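Working notes for the structure below.
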Amino acid sequence: MPSDLVSLADASQLLGVSAERVRQLVVAGDLPGVRFGNAWAVPRDAVAARQQVSNRRGRPLGEKRAWDALAASEVDLSNVSRYRNRGEVHRYSMSAAGAAHLVSEAGAIQSGVAAAVFHGELLRVEGTQIDLYVSRQLHEALGSIVPAVADPLGSVVLRVISDGRWSEVNELSAISDDGSLVAPPAAVALDLMDSGDPRHWIAAESLARAHD
């Protein structure tokens with residue numbers, strides 16, 4: 001790869017957002033992209049310019065302030081990276097049975113598409129696509145609960161919450177018909193914005209408007 005280009009993974013590190021978000025920016029035309037076979041790359045100077053815009057919009061909020069904003073339903077979906085400290089992101093691949101079991105565990109709160117459906121959005125969960133907020137305790141015990149393989153492209157996204165913040169996040173959550181916990185709408189909207197599916201972005205905007 002030419003030295004004036006960076007991969008989506010490297011661009012995501014520089015910008016402090018997920019690789020999916022970088023791909024979303026490329027697809028939307030907000031970042032120029034160059035294709036190499038099945039992979040995309042982004043001009044280094046375009047990433048630098050994007051960083052300058054992000055810097056002018058303010059530093060990322062700490063975990064407490066991010067969740068204070070989510071509790072008040074005060075989120076700016078055009079600046080998703082400002083709330084990235086709401087959870088430490090880990091991705092995994094696992095079976096459908098394992099993913100379903102994990103959702104029912106104490107210390108897990110549903111987000112993403114499943115939570116958006118709970119909050120009234122007309123979306124469909126596909127395959128093992130799961131987005132959860134989890135306690136640090138659950139994450140540390142993950143391997144003894146379900147077979148899971150760390151995978152940067154995995155469809156199971158776990159956002160780990162610190163021990164000091166977990167009880168607050170737990171209290172903000174709703175309870176679904178099956179007894180599992182569901183993240184508040186503002187958090188779900190932010191998580192949907194990390195998707196590469198435009199339908200999810202539309203649902204995120206809908207959630208943010210309905211609960212602001």
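The values are calculated or read from the model by the stated rules, or taken from the named source; none is laboratory data. All figures in this text were calculated on a predicted structure; none of them were measured in a lab. Backbone-built Cβ (ideal geometry, glycine too); neighbour counts: all protein chains shown. Heads up: the accessible areas ignore ligands, DNA and RNA and are worked out on the full protein's heavy atoms, side chains in. Shrake-Rupley method; radii C 1.70, N 1.55, O 1.52, S 1.80 Å.
Counting the residues of segment 151-168 that are open to solvent by 60 Å² or more (accessible area, probe 1.4 Å) and touching a strand residue (DSSP E or B) at 6+ places or on another chain (Cβ under 6 Å) gives 1. Does residue 119 satisfy the condition of being surrounded by fewer than 21 Cβ atoms within 10 Å (Cβ to Cβ), in contact with a Pro (Cβ under 8 Å, 6 or more places away or on another chain), at pLDDT 90 or above and under 20 Å from residue 181 (Cα atoms)? Yes: the conditions hold for residue 119.
Contact map, segment 101-115: residues that are within 13 Å of residue 174 (Cα to Cα) and among the polar types (S, T, N, Q) paired with residues that are in a strand (DSSP E or B) and open to solvent by 10 Å² or more (accessible area, probe 1.4 Å), Cβ distance under 7 Å, separation 6+ or inter-chain. Pairs shown: 110/181; 111/131. Here the condition is being in contact (Cβ under 8 Å) with a residue 60 or more places away in the chain, out of contact with any helix residue (DSSP H, G or I) (no Cβ under 9 Å at 6 or more places or on another chain) and closer than 22 Å to residue 195 by Cβ; of 91, 35, it holds for 91 alone.
For residue 171, the test of being free of Cβ contacts under 8 Å to residues at least 40 places away in the same chain, open to solvent by 60 Å² or more (accessible area, probe 1.4 Å) and not in a loop (DSSP other than H, G, I, E, B) is passed.
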